[in-house]
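> Structure provided below as structure tokens; questions to follow.
The values are calculated or read from the model by the stated rules, or taken from the named source; none is laboratory data. Nothing here was measured: the structure is a model prediction, and the numbers come from that model. Quick reminder, even Gly has a Cβ in these numbers, built from the backbone with ideal geometry, and neighbours come from all protein chains shown. Please note that ligands, DNA and RNA were not included when accessible areas were found on the heavy atoms of the full protein model with its side chains. Shrake-Rupley method; radii C 1.70, N 1.55, O 1.52, S 1.80 Å.
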Amino acid sequence: MLDEVKKYIARMPFHPFVINIGDGLSRPVPSLDHILVGRYIAVLDSEGLIEIVSPQHISSVALRAEHYEA
């Protein structure tokens, strides 16, 4: 899943996306300023807290619903 996250980051223009975690929660990525990818993924939330996510715990990555074309 790390490669999948990298694909979403590399898209130009950038589109906000969501990282879905195996615990049933999701981590929104509204801009490139909210994510850092290395061996692990760091996601900055709306309160300014950083969550470290292991790529092994990612169940899926998807565009945020408002960015789907009708």
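> When only residues in segment 3-55 that are hydrophobic (A, V, I, L, M, F, W, C), outside any strand (DSSP E or B) and under 10 Å from the mean Cα position of the chain (by Cα) count, which is surrounded by the most Cβ atoms within 10 Å (Cβ to Cβ)? Walk me through it before giving the result.
Within segment 3-55, the first condition is being hydrophobic (A, V, I, L, M, F, W, C), and the residues that meet it are 5, 9-10, 12, 14, 17-19, 21, 25, 29, 32, 35-37, 41-44, 49-50, 52-53.
Add one more test, that the residue is outside any strand (DSSP E or B), and what stays is 5, 9-10, 12, 14, 25, 32, 49.
Among the residues that remain, those that are also under 10 Å from the mean Cα position of the chain (by Cα) are: 5, 9, 32.
Working: Val5: 20, Ile9: 15, Leu32: 10.
Ranking the qualifying residues of segment 3-55, first place goes to Val5.
> Please specify each residue of segment 56-65 satisfying the condition of being open to solvent by 70 Å² or more (accessible area, probe 1.4 Å) and hydrophobic (A, V, I, L, M, F, W, C).
The one that is open to solvent by 70 Å² or more (accessible area, probe 1.4 Å) and hydrophobic (A, V, I, L, M, F, W, C): Ala65.
> Identify all residues within segment 56-70 that are part of a helix (DSSP H, G or I) and among the hydrophobic types (A, V, I, L, M, F, W, C); write none if there are none.
Once the filter is applied, which keeps residues that are part of a helix (DSSP H, G or I) and among the hydrophobic types (A, V, I, L, M, F, W, C), segment 56-70 yields only Ala65.
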